[in-house]
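Right, one structure below, let's go through it.
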Amino acid sequence: MRGKSSVAYTRAHVLVQVFLHALRKVQVAGVVGATTHGALVIKGGSATRRLQCHASNPAELQLQPMEFDLASGQLAELGIVYR
């Protein structure tokens, strides 16, 4: 390849932005053997997003709904059941 540069040219096909936000700690207190119910209210950002919720210990913590659409600028309620 005489006369041509050996530099490879590429073009970006997908750009991904990741945002990390510091969140407040939510403390849940309950009586041993009893079930405690609570709720979190989440506000949507600038675009509609499909969210999935996962608990680190599903036997102790259940989240409802597990999957939902969060519309931009709107509020959604996430139910919490702690055992």
Task: Matching residues in region 32-83 - criterion: being at positive phi and surrounded by 12 or more Cβ atoms within 10 Å (Cβ to Cβ) - done: none
Task: Hits in region 26-53 - residues which are at pLDDT below 85 and touching a Ser or Thr at 6+ places or on another chain (Cβ under 9 Å) - done: Val28, Ala29, Gly30
Task: Filtered residues of region 36-54 (kept if farther than 16 Å from Met66 by Cα and of a type in the set (A, V, I, L, M, F, W, C)) - done: Ala47
- [ ] Write out, first by first residue and then by second, each pair whose Cβ atoms fall under 9 Å of each other, whose residues are 6+ apart or on separate chains, and whose first residue, in region 59-83, is assigned to a strand (DSSP E or B) and of a type in the set (Ser, Thr, Tyr) while the second is loosely packed, with under 11 Cβ neighbours inside 10 Å and at pLDDT below 85.
- [x] Tyr82/Ala29
TODO: Just need a number here: residues in region 55-71 that are among the hydrophobic types (A, V, I, L, M, F, W, C) and in contact with a Gly (Cβ under 9 Å, 6 or more places away or on another chain).
DONE: 3
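The values are calculated or read from the model by the stated rules, or taken from the named source; none is laboratory data. Model, not experiment: these values are computed from the prediction. Ideal geometry is used to build each Cβ from the backbone, glycine not excepted, and the neighbour counts take in all protein chains shown.
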